[in-house]
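In what follows, a structure is listed as structure tokens, so that the remarks can point back to it.
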Amino acid sequence: MTLQWAPSPPDHVPADLIVDFDFFQTPEGLTDPVQIWHDLVRRGVPPIFYTPRNGGHWVFLKYSDIVEGYRNHEIFSTYQTPIPPIEPFPVMQPQGVDPPDHNIFRKLLAPMFTPLAVRRMTDGLQHRAETMIASFADKGGCDFIADYASRFPTGTFLDLFGLPEERLPEFLALSETFFRSTDPAVRAQNLTDIYAVLEVLFRDKERNPGSDIASTIVTARDENGNQHPWQDILNCGFLLFVAGLDTVTNTMAYVWRYLASAPEARAQFRERLDDPVAFQLAIEELMRINAVSNIFRRVTQDCEYKGIQFRRNDRVILSNTLANRDASVFQNPQAIDLDRQVNNHVTFGVGPHRCMGSHLAKREIMISLQEWLRQIPDFELAEDQDKGSIFGGSVMGFTSLKLRW
Amino acid sequence: MRIVANLQVCQGHARCEDLCPEVFSTDAVEGKVVIEQSEFAPELEDKVRMAVRNCPEGALRIAKGTKA
Ligand code: HEM
Ligand code: SF4
């Protein structure tokens, strides 16, 4: 990733609101990437500040402002938001479109991601978890990222899209490059490759539709009875590819990393194996504390918010980990309380773009954890775990997580 | 007491359904809240209140009395 300073901070930003903060940079020795955000709060920086890094952008620190950023789409748009800016950027359907047009693809996808639809996927997810964990349960250890957390959601994606399991290595390679490469030429080629795969996939599903999501998208008709624009179809496939892989992988990594060093929490989860409601409540707390995504918005018009001047096209980052540990909303916010009763976390966003995959993601994590604890009730971090294998950015996480048992 | 949902505001997080499935479910088309029984039994009150307080959109409200 090329890091760039804006030539100078724009003149509408007062000096006392400028903080030098680079959300891609994780200092030497840090073992948990979300801490770069919580350091800001500890340092007492202004609750809304501007950093000139990565093309320049605002950061909201408080739950209330972050929620406003999600909800007020008239000012904080999802259209063309990448930080640092890349223009033009594919208009991801439905994430990169503001209401009301956003609803066209949101409605189209919704029935496939409802709690009811996800409950129907349970057997498939259960089977995948069982077989994947069984393949290494007797080995005494694994690299959790490579052996499980990246493979599981990618396999789920193949299922959703009606693609055969044999293509797992190809899709793992595509997503690995997409999420981890910093070389601009490699990244450009990777985007071309992903779109080429989607093109073939959707053309095939157009001719031989099945009951999968790709078929539903490509055979759907708009209100005039026409197929949706081809580029929108590809961009929707692209969003589903990027939205549900790295997010799930790194959320899982956080959860397993925590449980590896928290025997009491493992015991609490094991006790709840036969009580799905209590298990679910505890998972919700792990979702709150392990919010891996930082979400971007673009200001649509010159305006004033909370007495601060914003200019059209200013970028804003809404960091879910900050909202979820705001002491004015959550009691004892830095503590993990598996029985937390009131837990309005924003790990999956709020408002019109609320994560459509949240029910699927939670079920993937819940089933994985239930099955893992049945097969591997106790585990810990391996001694050779590389402490430096973390990254920041729009999704934060780990490049490896070595466990042993 | 009865429970009222604002469907304009509900975004289908389904936290209510997870916490109190006796009273809340979600529909198959948009995944938004469906109130199974708007006038709930007193023994469910605690669970209903939990669901209301955990709705990230503030879409649920407990109203006094029965439907006019
Ligand atoms: C733990 C895993 C996940 C996290 C933390 C997460 C987080 C988020 C967040 C914060 C948003 C809001 C984006 C915004 O407001 O701009 C979002 C949107 C979205 N997510 Fe997820 N997500 C996860 C998993 C998934 C999965 C598994 C899928 C699907 C297979 C998915 C599909 C989507 C879609 C389609 C949107 C766009 C919704 C819209 O714009 O209306 N996500 N996600
Ligand atoms: S928790 Fe709130 S937003 Fe979610 S489904 Fe229930 S009412 Fe709707």
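The values are calculated or read from the model by the stated rules, or taken from the named source; none is laboratory data. Everything numeric in this text was worked out from a predicted model, so none of it was measured. Methodologically, a virtual Cβ is constructed for each residue, glycine included, from the backbone with ideal geometry; neighbour enumeration extends over all protein chains shown. Ligands, DNA and RNA are stripped out before the accessible areas are found, and what is left, the full protein with its side chains, is counted by its heavy atoms. Shrake-Rupley method; radii C 1.70, N 1.55, O 1.52, S 1.80 Å.
Below, the figures for the structure above:
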quantity	calculated
Unmet requirement for residue B:9, which otherwise passes all of (1) within 19 Å of residue A:343 (Cβ to Cβ); (2) away from ligand 1 (no atom under 16 Å from the Cβ); (3) open to solvent by 40 Å² or more (accessible area, probe 1.4 Å)	(2)
Which numbered condition residue A:64 misses (of (1) modelled with pLDDT under 95; (2) within 22 Å of residue A:348 (Cβ to Cβ))	(1)
Residue within region B:16-29 that is touching a residue at least 40 places away in the same chain (Cβ under 8 Å) and within 18 Å of residue A:276 (Cβ to Cβ) present	yes
Criterion (out of contact with any Ser or Thr (no Cβ under 6 Å at 6 or more places or on another chain), of a type outside the set (Phe, Trp, Tyr) and in a loop (DSSP other than H, G, I, E, B)) met by exactly one of B:10, B:16	B:10
Contacts under 6 angstrom Cβ, first residue in region A:307-323 being within 19 Å of residue A:18 (Cβ to Cβ) and within 16 Å of ligand 2 (Cβ to nearest atom), partner among the polar types (S, T, N, Q) and open to solvent by 10 Å² or more (accessible area, probe 1.4 Å), 6 or more apart	none
Test: residue in region A:330-351 that is within 27 Å of residue A:24 (Cα to Cα), away from every other protein chain (no Cβ under 14 Å), in contact with a Cys (Cβ under 6 Å, 6 or more places away or on another chain) and open to solvent by less than 10 Å² (accessible area, probe 1.4 Å)	no
Top-ranked residue of region A:367-382 - restricted to ones that are touching a strand residue (DSSP E or B) at 6+ places or on another chain (Cβ under 8 Å) and not in a strand (DSSP E or B), ranked as modelled with the highest pLDDT	A:379
Condition check for residue A:399: open to solvent by 60 Å² or more (accessible area, probe 1.4 Å), under 22 Å from the mean Cα position of the chain (by Cα) and either more than 14 Å from chain B (Cβ to nearest Cβ) or away from ligand 1 (no atom under 16 Å from the Cβ) (or both)	yes
Long-range neighbours under 7 Å by Cβ, at least six apart or interchain, first residue within 7 Å of chain B (Cβ to nearest Cβ) within region A:110-121, second charged (D, E, K, R)	A:110/B:30; A:115/B:17
Residues that are in a loop (DSSP other than H, G, I, E, B), open to solvent by 30 Å² or more (accessible area, probe 1.4 Å) and within 11 Å of chain A (Cβ to nearest Cβ), drawn from region B:19-59	B:21, B:27, B:28, B:29, B:30, B:32, B:58
Single unsatisfied condition, residue A:364 versus (1) closer than 19 Å to residue A:249 by Cβ; (2) open to solvent by 10 Å² or more (accessible area, probe 1.4 Å); (3) out of contact with any strand residue (DSSP E or B) (no Cβ under 9 Å at 6 or more places or on another chain)	(2)
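Residues are listed down the side, and each one gets a yes or a no for (1) modelled with pLDDT under 95; (2) farther than 30 Å from residue A:103 by Cβ; (3) within 16 Å of ligand 1 (Cβ to nearest atom):
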{"position": "B:1", "(1), (2), (3)": "yes, yes, no"}
{"position": "B:4", "(1), (2), (3)": "yes, no, no"}
{"position": "B:34", "(1), (2), (3)": "no, no, no"}
{"position": "B:39", "(1), (2), (3)": "yes, yes, no"}
{"position": "B:45", "(1), (2), (3)": "yes, yes, no"}
{"position": "B:54", "(1), (2), (3)": "no, no, no"}
{"position": "B:60", "(1), (2), (3)": "no, no, no"}
{"position": "B:65", "(1), (2), (3)": "yes, yes, no"}
{"position": "B:68", "(1), (2), (3)": "yes, yes, no"}
